[in-house]
Amino acid sequence: MIEVRNLTKAYDGFIAVNNISFKLEKGEIVAFLGPNGAGKTTTLRVLTGYFPPTSGYCEIGGYNILEHPLEVKKLIGYLPETNPLYEEMTPREYLSFLGNIHGIKRLSHRIDEVSEQLGIRDVLDRPIREISRGYKRRVGLAQAILHDPPILILDEPTEGLDPIQSIQVRELIKELGKEKTILLSTHILPEAETIAKRIIIIHKGEIVADTPRDKLHEISGGETIIYAEIEGPTDIDWSGIPDIIDAKIVKSIESRHVWELKSHTDIRPQIFKLVKDRGWTLWGLESKHLSLEEIFAQLTRE
Ligand code: ATP
């Protein structure tokens, strides 16, 4: 559905995106993950036809984006980094305006449908300037899906939202992902991991990793750290779980002990089984995510 081949984009000689290539198959949800200034927005802007690449080739739905910009625009819904919403309009007026540009038939029915899907019915007739950021982002998503495109390109969809609004918008995106191909950019690692099954990491304009979500820790060469709070002995023999490379108690409250276990894989099921088999009590079991900074540090280590 999306193909990017040797894409480079320079601004006045400064190379923001340097010779990157990737492909998205139909139905994939892929997170484009990187810190501020990595080149995410630049790549998405090239893909959506906002400006041309300096060099390289991009194709959407089989169309070369430079030769067939109109066909490409029909295939994609784009949520830009900052919502270009007309603040004095109501969401209904804004969506009607865009729907007319797209030539959508039975537009008021379609606006009702999309409003229902994105939970914006209550604010449809209030001026956009009066509604919360979370609702504005939803209205932004509504404009992106209004013409029912098969591909969504979402630039930092939860930027500026509070934690609850972010969770709601992520849920919406996952829902939309059931029937669409989605490329979304984010600088939040847990967001990428919650929404996408595949993660492309971009750093200083270059792709440093392109991997299924659950392999991210493996390719970064990182360890998984697991905290297990167990009511049981202080001298547990962990050698039955071969993947464990280190185990120690980091906190004790009476007979409950928090173990910090390091491993190259997620061994939570084995820990659970061991505790159950021995008749101890498991009060907590969680794996610590490496932060994006820690993963970058590992991926870009000389
Ligand atoms: P952010 O999360 O901060 O939006 P990003 O990964 O989306 O970051 P880009 O916005 O693509 O990164 O920017 C990549 C680099 O290109 C940055 O160094 C940025 O300063 C530079 N850049 C972006 N837009 C322009 C522009 N119009 N003119 C000059 N330089 C630009």
### Query
Does residue 46 fit the bill of being more than 16 Å from the ligand (Cβ to nearest atom), under 26 Å from the mean Cα position of the chain (by Cα) and buried (at least 17 other Cβ atoms within 10 Å of the Cβ)?
no
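Determine which member of the set 211, 265, 281 is surrounded by fewer than 16 Cβ atoms within 10 Å (Cβ to Cβ), in the same structural domain as residue 34 (by TED's automatic domain parsing) and more than 16 Å from the ligand (Cβ to nearest atom).
When all the criteria are applied, what remains is 211.
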### Task
For the range 95-105, indicate whether the set of residues that are modelled with pLDDT of 90 or more, loosely packed, with under 15 Cβ neighbours inside 10 Å, closer than 21 Å to residue 176 by Cα and not β-branched (Val, Ile, Thr) is non-empty.
no
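Sort through 43, 8, 82 and tell me the only one that's assigned by TED's automatic domain parsing to the domain that holds residue 200, out of contact with any Leu (no Cβ under 9 Å at 6 or more places or on another chain), under 15 Å from residue 153 (Cβ atoms) and of a type in the set (S, T, N, Q).
Of 43, 8, 82, the one residue that is assigned by TED's automatic domain parsing to the domain that holds residue 200, out of contact with any Leu (no Cβ under 9 Å at 6 or more places or on another chain), under 15 Å from residue 153 (Cβ atoms) and of a type in the set (S, T, N, Q) is 82.
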### Task
Looking at (1) more than 16 Å from the ligand (Cβ to nearest atom); (2) part of a loop (DSSP other than H, G, I, E, B); (3) within 30 Å of residue 34 (Cβ to Cβ), find the lone condition where residue 169 falls short.
(2)
### Task
Identify, by number, the condition in (1) in contact (Cβ under 8 Å) with a residue 40 or more places away in the chain; (2) within 16 Å of the ligand (Cβ to nearest atom) that residue 161 doesn't meet.
(1)
#### Entry: Residue tally, condition in contact (Cβ under 8 Å) with a residue 60 or more places away in the chain and outside any loop (DSSP other than H, G, I, E, B), over the range 10-41
16
### Task
Go through the range 185-199 and give me each residue that's more than 12 Å from the ligand (Cβ to nearest atom) and part of a strand (DSSP E or B).
198, 199
### Query
Can you spot a residue in the range 35-43 that is under 23 Å from residue 198 (Cβ atoms) and more than 8 Å from the ligand (Cβ to nearest atom)?
no
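The values are calculated or read from the model by the stated rules, or taken from the named source; none is laboratory data. Keep in mind it's a predicted model, so treat the numbers as computed, not measured. Note that each Cβ is placed from the backbone with ideal geometry, even for glycine, and that neighbours are counted across all protein chains shown.
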